[in-house]
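First up is the structure itself, then whatever we jot down about it.
Every number in this text was worked out from the coordinates using simple rules, so none of it is lab data. Because the structure is a prediction, the values reported are computed rather than measured. All Cβ positions, even for glycine, are placed from backbone atoms using ideal geometry, and neighbour counts span all protein chains on display.
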Amino acid sequence: MSGVTLLDSRAVGPFRQCPLCQSKDADPFLEGARDLEYGTGGEHLYVKCRGCSFVIMDPIPPFSEIVTFYPSDYHAYQEGDRGLARALKGLYSRMRAKQFSRLIGTTGHICEIGASDGEFLHHLQEVGDWQLSGVELDPEMVERARAKGLDIRHSTFEQAGYPAESFDLVVMSHLIEHVQDPVETMAETARTLKPGGYVVGETPNIASWDYKIFGRFWGGFHVPRHLYLFSGETLRRLLDKAGFEEIRLIHAVQPSHWAIGVQNFLRGRNPSPSRLEGGRAFYFPLLLLAFLPIQIVQSLLGASSIIGFEARKSGTGP
Ligand SMILES: [Zn+2]
């Protein structure tokens, strides 16, 4: 992580107080959780807040430990997707671009937190006239994104130093569950948005059917990379706390937690499963297809694996 000063947030350490409801009481929720995808070491504990049911890793690790959770073959760092994965990513980008146009029109300044290699922003470049920025922690991903001509800061969002009211829209896809202090990240998002600007993102839904079925093997834990697990209720609380209004939750179709759940279940019976290259078994794409129909039903009934969200910062629109 050369070139980035990583300061630990206030949230580091054992559970003292729920960041959402300030309750000082939590119960063990998942003990002895292991990384069944990439085999990073150690066992982890999650606790559940008694006040608001927020699920939190306990303790929240320091940055020096968090960086060891992301091996070089981490799936979000892979390039050169082909076939189904490439088609799905293309479809995802087009759907998002449509959503952004609906919210802010086809001009304005968009920032992506956790921009990875800039592939998503690159897609947006092709469909709108937006000014695009992003932050990313992995130096190799920053290089790859900059090679696409993108304006990417090698930093955490909180330390990137953007002036207040910089952006019309901030996008965070599968990000808020990874950060040390989601309350701080959402507050910084609100600070850097113009009045009337939007935050858009998505995160795993612990109130989903797939969590109920897979329990400790649920793909949404992504142990130990997910430090916080949200439900629609706790997500609303987070957005509300940061001062957002017109909060809208969207139940997306995304079968990967089912597929990872099956993979984790099969591997979790082995006390020391072999390391998986790229975190995914060879049968993974077949599982994705197999679980697509049930995800469509879940999405229609508002209990899907992933919750998308959009919310508006108060004030007159840009
Ligand atoms: Zn709480």
(request) Output the peptides 213-219, 223-229 sorted from most to least packed, where packing is the average of other Cβ atoms within 10 Å over each peptide's residues. (result) 223-229, 213-219
(message) Compute and list, largest first, the equivalent-ellipsoid semi-axes of the range 74-313 from the alpha carbon gyration tensor, each √(5λ) rounded to a whole angstrom.
(response) 29, 21, 17
(message) Suppose every Lys and Arg Cβ carries +1 and every Asp and Glu Cβ carries -1, with no other charges. What dipole size does the range 70-199 come out with about its Cα centre, to the nearest 20 debye?
(response) 620
(request) Count the DSSP beta bridges whose two residues both fall in the range 74-313, then state the antiparallel fraction as a percent rounded to the nearest 5. (result) 40
(request) Per residue of the range 279-290, in order, report the coupling 6.51 cos²θ - 1.76 cosθ + 1.60 (Karplus, θ = phi - 60°) as ³J(HN,Hα) in whole Hz, putting x for Gly and Pro. (result) x, 10, 6, 4, 8, 4, x, 5, 5, 4, 5, 4
(message) Just to confirm my numbers, what's the Cα centroid distance between the range 12-57 and the range 246-278 in Å?
(response) 18
(message) Contact order normalised by length for the chain, with contacts defined as Cα pairs under 8 Å and 6 or more residues apart; what percent is it?
(response) 20
(message) At 0.36 nm per residue, and after removing the present C-alpha to C-alpha distance, how many nm does the segment from Ser314 to Thr106 gain when stretched out fully?
(response) 72.8 nm
(request) Have a look at Pro28, Pro182, Pro204 and tell me which one the Gaussian network model of the chain (Cα, springs below 10 Å) gives the largest fluctuation. (result) Pro28
(message) Along the Cα→Cβ direction, 7 angstrom out, place labels at Arg94 and Leu301. What is the inter-label distance in nm?
(response) 3.0
(message) For the pairs Lys148/Lys313; Lys194/Lys241; Lys98/Lys241, flag any whose C-alpha to C-alpha distance is greater than 22 Å.
(response) Lys148/Lys313; Lys98/Lys241
(request) Quick one: among Asp181, Asp240, Asp27, which has the greatest mean-square fluctuation in a GNM of the chain with alpha-carbon springs under 10 angstrom? (result) Asp27
(message) Using helices alone, I'd like the mean residue ellipticity at 222 nm for the chain: each DSSP H run of four-plus residues gives -39500 (n - 2.57), total over residue count, nearest 500.
(response) -9500 deg cm²/dmol
(request) Please identify every one of the GluC sites (Glu not before Pro) in the range 21-56 that sits in a loop by DSSP and has no more than 14 other beta carbons within 10 Å of its own beta carbon. (result) Glu43
(request) Choose one answer from Thr192, Thr107, Thr203: the residue with the largest mean-square fluctuation in a GNM of the chain with alpha-carbon springs under 10 Å. (result) Thr107
